[in-house]
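Written below as structure tokens is the structure these notes are about.
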Amino acid sequence: MISQVKQLLRHVVPSVIKPVRVLWNEMIGFIFLLLGLVPLPSAYKAYRDFEGGKEGVFRLVLTACFCGVMLYFGIASFLRARKISRT
């Protein structure tokens with residue numbers, strides 16, 4: 001009886017884990033994309049109001065870095081989900 005349960009788990013668990021991992025990566029990717037897109041209006045406003053001071057440069061660079069990193073993580077997460085679903 002125990003060997004049958006182990007055999008069942010060996011077949012069922014991998015087929016359940018794979019879609020859960022894909023879904024997890026897609027959800028995390030969506031959250032990172034949102035985090036990368038939300039500050040874009042603020043970045044546009046900072047660019048529009050830019051007058052060349054140190055504070056303006058710092059704000060632009062910081063916002064651009066934050067958006068870039070979040071968008072990178074979002075895209076990488078979606079690509080990882082695609083890779084997992086193809087294997």
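The values are calculated or read from the model by the stated rules, or taken from the named source; none is laboratory data. All figures in this text were calculated on a predicted structure; none of them were measured in a lab. Counting neighbours? That spans all protein chains shown, and the Cβs are built from the backbone with ideal geometry, glycine included.
Summary of values
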| quantity | calculated |
| --- | --- |
| Filter result (small (Gly, Ala, Ser), farther than 30 Å from Lys18 by Cα and buried (at least 16 other Cβ atoms within 10 Å of the Cβ)) within the stretch 45-75 | Ala46 |
| Flag for Phe78 being of a type outside the set (Gly, Ala, Ser), in a helix (DSSP H, G or I) and closer than 22 Å to Val20 by Cα | yes |
| Selected residue [exposed (fewer than 13 other Cβ atoms within 10 Å of the Cβ) and modelled with pLDDT under 90] from Pro41, Pro19, Pro14 | Pro14 |
